[in-house]
Amino acid sequence: MTETRAAPADKPFWSLAGLRLGAWLLLPSLPGMMAFGAAVGATEARKGFDFAYALLMNCWVYAGASQLVAMEAWPQHMTAAGVAALALVVATVNARMMLFGASLRPWLGPLPAWQIYPLLQFTTDPGWVMMMRYRAEGGNDAAAFLGGALLVLVAWISATMVGYLAGTLVADPRAIALDLVLPIFFAAMVVPLWRVRRRAIAWGVAGLVALATDYLVSGWWFIITGGIVGSLIEGFVEDAPDA
């Protein structure tokens, strides 16, 4: 498909062709993303959420990874400490979105605020990866971001609802490996971010810290410790000179 362009090249623009291009670029990511959405929907059913609540959660929260982690860490009794711990875990999982937004500023920053901020609400992991690749190859059509985001949104809502309806029929989601969807999803997201071999240092240390925390401390603290330590190590690795 032909890439859309306009002059001046450093200023983003909007076009109908960009909408189609964005949807086309995100199309290959749909099977994996929809499998992930089905796992989220099945978990909602298993946790006893009614259909309307699950639908609103998927539309309003629209953050599959944090939704899944939150539901798995959902306290049996809602106390102030339980809610605070739940909020901390979700905030840690979603912290990557701050970095996503910062990385999009050099591209979308020239757009007026009323166009940028609603658009950023549709940022997703696969959408960000594909759009950063599109931008790196010279693309500058902001409509490509929107086109891909709309396709992912429709597919996500559809997949979560199908997963919810199917989840009511599955007594144990682990029997069909739905509990593996989240780690597989994040492992797949790591691949496009691989640039140099030394980056594996931060990833490896984060993984070891997370495993040690999971062994020593009950709950979901391994997400927080692994994320913080991995981020700190990555900062030193990025600043280190090449060998």
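The values are calculated or read from the model by the stated rules, or taken from the named source; none is laboratory data. Owing to the predicted nature of the structure, the values given are computational and were not obtained by experimental measurement. A quick note on method: Cβ atoms are made from the backbone with ideal geometry, for glycine too, and the neighbour counts reach across all protein chains shown. Ligands, DNA and RNA are excluded from the accessible area calculation, which covers all protein heavy atoms including side chains. Shrake-Rupley method; radii C 1.70, N 1.55, O 1.52, S 1.80 Å.
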Task: Alpha-carbon Debye profile of segment 1-130, log10 I(q)/I(0) at 0.16, 0.22 Å⁻¹ - done: -0.97, -1.42
TODO: Can you sort Arg133, Arg198, Arg105 by 1.4 Å-probe accessible area, starting with the largest?
DONE: Arg105, Arg133, Arg198
- [ ] Over segment 1-99, give the accessible area per residue in Å² for a 1.4 Å probe, as an integer.
- [x] 56 Å²
Open item on the list: Let's test the formula: R0 of 41 Å, r as the Cβ-Cβ distance of Leu99 and Asp50. What FRET efficiency results, to the nearest 0.05?
Closed with: 0.75
Task: Heavy-atom SASA rank of Arg135, Arg96, Arg20, Arg197 (probe 1.4 Å, accessible area, largest first) - done: Arg197, Arg20, Arg135, Arg96
Task: Förster radius 41 Å - calculated FRET efficiency between Ala81 and Gln115, Cβ distance, rounded to 0.05 - done: 0.50
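Within segment 20-127, what whole-number % of the accessible surface is contributed by carbon and sulfur, with the 1.4 Å probe and all protein chains included in the calculation? Display every interim value, and only then the final one.
On the way: 3960 of 5540 Å².
Taking all protein chains in place, segment 20-127 shows 71 percent carbon and sulfur surface.
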Open item on the list: Probe radius 1.4 Å, ligands and nucleic acids left out: which of Ile116, Ile233 has the largest accessible area, and how do the rest follow?
Closed with: Ile233, Ile116
Task: In sequence order, calculated HN-Hα J values of segment 73-80 (Karplus, 6.51, -1.76, 1.60; Hz; x Gly/Pro) - done: 9, 4, x, 5, 10, 6, 10, 4
